[in-house]
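To start, the structure itself, in structure tokens.
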Amino acid sequence: MSEIELLRACQRHDARAQTALYERHKSRMMGLCRRYARSRPEAEDMFQEGFIRIFQQIHTIEQPERLLNWMKRVMVNTAINWYHKHHHEQSETDYEEAWETSNTEHNDILARISTEELLTLVQDLADGYRMVFNLYVVDGYSHQEIARMLGISEGTSKSQLARAKDVLRQKLKKIGIVSYGSY
């Protein structure tokens, strides 16, 4: 079944199509949730809540080619709502210049660490750091968008990103991935 046919069937509340859509995208959506969650059980809860929202709102999709991006957005919004509901323990911090790593350095780090190790490092970040890091670095939102989504100032978003990168850098140093002279 094509993505368009699958979407239209889901919009008609076809249970088999809903199962097929779930099966087709569960790995990608769970991966997204795991990046935002502190633990696998928390990610599973976000994931289930996100798919409930997807099926509740799937009738709003008019452009089938945007289905995957829309689903990702629903999952990100679910993670943000989860954060606000369960872990909103951040404080306002002063503006700091966000440290920018070159793509070459990113690729070198990624080549030397497994996806699971990287996921664990990100999951261990404080809630606010993890949210901003994922929204900015992984999902490509601007600091202005992040500030609006999380209800923080743009400066706080930049500061939390800088701090998240610093914490990750320190953790990578400890496991021998980043050398002391690399920044």
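The values are calculated or read from the model by the stated rules, or taken from the named source; none is laboratory data. Given the structure is predicted, the values throughout are model-derived calculations rather than measurements. As a convention, Cβ positions derive from the backbone with ideal geometry for all residues, glycine included, and neighbour counts pool all protein chains shown. Areas reflect the complete protein model, heavy atoms only, side chains present, ligands, DNA and RNA absent. Shrake-Rupley method; radii C 1.70, N 1.55, O 1.52, S 1.80 Å.
Here ALA20 passes the criteria (1) open to solvent by 80 Å² or more (accessible area, probe 1.4 Å); (2) under 30 Å from GLU116 (Cα atoms); (3) over 23 Å from the mean Cα position of the chain (by Cα) except the one numbered (1). Every test in (1) at pLDDT below 50; (2) in a loop (DSSP other than H, G, I, E, B) is passed by SER179 save one, and that test is (1).
Selection over the range 148-166 of residues that are assigned to a loop (DSSP other than H, G, I, E, B), crowded, with 21+ Cβ neighbours inside 10 Å and not hydrophobic (A, V, I, L, M, F, W, C) gives a count of 0.
Yes/no per residue for (1) more than 30 Å from HIS59 (Cβ to Cβ); (2) at pLDDT 85 or above:
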{"residue": "MET75", "(1), (2)": "no, yes"}
{"residue": "HIS86", "(1), (2)": "no, no"}
{"residue": "THR93", "(1), (2)": "yes, no"}
{"residue": "LEU118", "(1), (2)": "yes, no"}
{"residue": "PHE133", "(1), (2)": "yes, yes"}
{"residue": "ILE152", "(1), (2)": "yes, yes"}
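Look through the range 56-73, keep the residues that are open to solvent by less than 50 Å² (accessible area, probe 1.4 Å) and either closer than 17 Å to ARG12 by Cβ or within 12 Å of the chain's Cα centre (by Cα) (or both), and return whichever of them is modelled with the lowest pLDDT. Residue satisfying both the conditions and the ranking: PRO64. For the list (1) at pLDDT below 90; (2) part of a helix (DSSP H, G or I); (3) among the hydrophobic types (A, V, I, L, M, F, W, C), I need the number of the one condition that ILE113 fails. In the conditions (1) at pLDDT below 90; (2) part of a helix (DSSP H, G or I); (3) among the hydrophobic types (A, V, I, L, M, F, W, C), ILE113 misses (2) alone. Against the criterion of being in a helix (DSSP H, G or I), modelled with pLDDT of 60 or more, among the basic types (Lys, Arg) and under 27 Å from GLY50 (Cβ atoms), ARG169 does not qualify. All of (1) outside any loop (DSSP other than H, G, I, E, B); (2) modelled with pLDDT of 90 or more; (3) open to solvent by 20 Å² or more (accessible area, probe 1.4 Å) hold for GLU105 with one exception: (2).
The set of residues from the range 129-143 being open to solvent by less than 40 Å² (accessible area, probe 1.4 Å), under 16 Å from GLU154 (Cβ atoms) and either assigned to a helix (DSSP H, G or I) or of a type in the set (Gly, Ala, Ser) (or both) comprises MET131, VAL132, PHE133, LEU135, HIS143.
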